[in-house]
Amino acid sequence: MEQKKGMQPVRMVVIIAIGAALYGIGGLISIPVFANTTIKPAMAILALFAAVFGPIVGFLVGFLGHWLTDLFAGWGVWPTWMLGSGIVGVAIGLFGKMSKDCLSKGELPRSSIGLFILLSFLGNFIGYMVSALLDFIFFAEPMDKVITQQLIIAFTNTIVIAILGTLLLMLVAKRNKNSQNLSRDEQA
């Protein structure tokens, strides 16, 4: 039987729901650093889901998860920042293809870790720059405030993802490597 490329739709919906819930609820655990700006360890969850399942899942986990955080945190829903989190997910979601699916092979070489961190920085910088500019345009937020938010978020999120996200990816690579070893043992 031929295996189809891509993810089954039902599986994708379940993965997105789990990822968005984990990222959204996890986003409630944060450290305030500036006006409506926090350091969220949950960014590592977004990065994990995006890196493992790709840009579509990454966008939806980021967008919907950020919506959940905003909804339950009590500071109002900010669609512009939801979009920024979605863009972060898309950028990190490129990891699988760009790293030649190293995780599925049970590998995570240093070059892939560097790529993961670079994609997280680019996603955070560009994604939240879009958010900042849209806040300035649509909500008349002061430009210096939104740019300060964007810079703080881009750098702190990258640090969180570089540390916690890389650890999560290492665990996934190790699990996949162990699964391959089990498969080889069963075939022998």
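Details
- The angle separating the long axis of helix 110-139 from the principal Cα axis of greatest extent in the chain is about 30 degrees.
- Ordered by solvent-accessible area of protein heavy atoms (1.4 Å probe), largest first, the residues Arg175, Arg110 come out as Arg110, Arg175.
- In the chain, Rg over Rh equals 1.02, where Rg is the alpha-carbon radius of gyration and Rh the Kirkwood radius from pairwise Cα distances.
- Ellipsoid equivalent to segment 1-94 - semi-axes via the Cα gyration tensor, in Å: 26, 12, 11
- The simple spin-label model puts a point 7 Å past each Cα toward its Cβ; for Lys145 and Glu107 those points are separated by 5.0 nm.
- The chain: angle of helix 55-73 to the longest principal axis, Cα-based, in degrees nearest 10: 50 degrees
- Alpha-carbon gyration tensor eigenvalues x 5, square-rooted, for segment 89-188, Å: 38, 11, 9
- Per residue solvent-accessible surface (Å²) - segment 1-112, probe of 1.4 Å: 54 Å²
- For a label point 7 Å along the Cα-to-beta-carbon line of Phe138, residues of segment 41-68 with backbone N under 18 Å: 59-68
- Cβ crowding within 10 Å averaged over residues, with 68-78, 47-57 ranked highest first: 47-57, 68-78
- In terms of overall dimensions, the C-alpha atoms belonging to segment 35-76 reach 31, 17, 13 Å along their principal axes, ordered largest to smallest.
- Simple spin-label estimate for Asn178 and Ile31 gives 3.0 nm between the two label positions (7 Å along the Cα-to-Cβ direction from each Cα).
The values are calculated or read from the model by the stated rules, or taken from the named source; none is laboratory data. Small disclaimer: the values here were computed from a predicted structure and weren't measured. Cβ coordinates were reconstructed from backbone atoms using ideal geometry, including for glycine residues, and neighbour counts include every protein chain displayed. Side chains are part of the model used for accessible areas, which takes the heavy atoms of the whole protein and leaves out ligands, DNA and RNA. Shrake-Rupley method; radii C 1.70, N 1.55, O 1.52, S 1.80 Å.
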